[in-house]
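The structure appears below as structure tokens.
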Amino acid sequence: GCYLRKQARQLENELDLKLVSFSKLCTSYSSSRDGRRGDSNSDTTPLLNNSTQDRMFETMSVEIEQLLAKLTGVNDKMAEYTSTPGVTSLNAALMHTLQRHRDILQDYTHESHKTKANFLAIREREDLLGSVRKDIETYKSGSGVNNRRTELFLKEHEHLRNSDRLMDDTISIAMATKENMTSQRGLLKSIHSRVNTLANRFPAINNLIQRINLRKRRDSLILGAVIGVCTILLLLYAFH
């Protein structure tokens, strides 16, 4: 048990030193790239330094992975040792020690992956910026005539796009006006049809009203005649 703990502490110390160096490599890589951004001879000397740092990155990555694998193995052996029947009385203290070593292993693993990811992100970003700068320099190094011709072509293309956009707007306005006039024409036809319908119905309505008035007058005359006859009969009956 003591040998395993000693071996775990030794591996942890080695990993700590490696991870510090690994982090410094990432920082120096970023700083060297930032310092060379304004250098006009970035296509000559920096290539050797970049390749050297890349090789160092690959070597240190492999070494750290090997140390992490060894430390994982030692932690597994300590876990097996704590589960043996002969050390039951010391189980609580051993489990606490084992958990502490596992936490350290987890922290180192996380730090290794984080540093590696940062290094790869910086390298990818700088490679992309280098490619963009190279394209810009290639464009600037072109002849003035070609650049002027390209600029004229771009302006002409922009004029054509503007003219095409203006034509589309004009056509849209014309189509909207046509649809509006068609709608108004349909509305006027509907109003005209309703007016004609009402005009055709008015004579029939007048005839119906006249017939109703004649019938009301006739009924009034008949009712008056009946009332008069009844009154006369009552008077005759009363006097006799």
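The calculated FRET efficiency for the pair residue 28 and residue 3, based on their C-beta separation and a Förster distance of 30 Å, comes to about 0.20. Over 25 Å between C-alpha atoms is what I'm after, so list which of 18/77; 77/116; 6/116 land there. Where the Cα-Cα span goes over 25 Å, the pairs concerned are 77/116; 6/116. Once the Cβ-Cβ distance between residue 113 and residue 164 is put in as r, and R0 is 35 Å, what FRET efficiency do you end up with, to the nearest 0.05? Efficiency, from the Cβ-Cβ distance: 0.10.
Subtracting the Cα-Cα distance from 0.36 nm times the residue separation, let me have the gained length for residue 236 to residue 52 in nm, one decimal.
On the way: separation 184, 0.36 × 184 = 66.24 nm, distance 14.88 nm.
Extending this stretch completely gives an extra 51.4 nm.
Note on residue 207/residue 180: beta-carbon distance plugged into 1/(1 + (r/R0)^6) with R0 of 41 Å gives a FRET efficiency of 0.45.
The numbers here are math on the coordinates, done by the rules we state, and not lab data. As the structure is a prediction and not an experimental result, all values here were calculated from the model. When we count neighbours, we look across all protein chains shown, and the Cβ atoms used for this are built from the backbone with ideal geometry, even at glycine.
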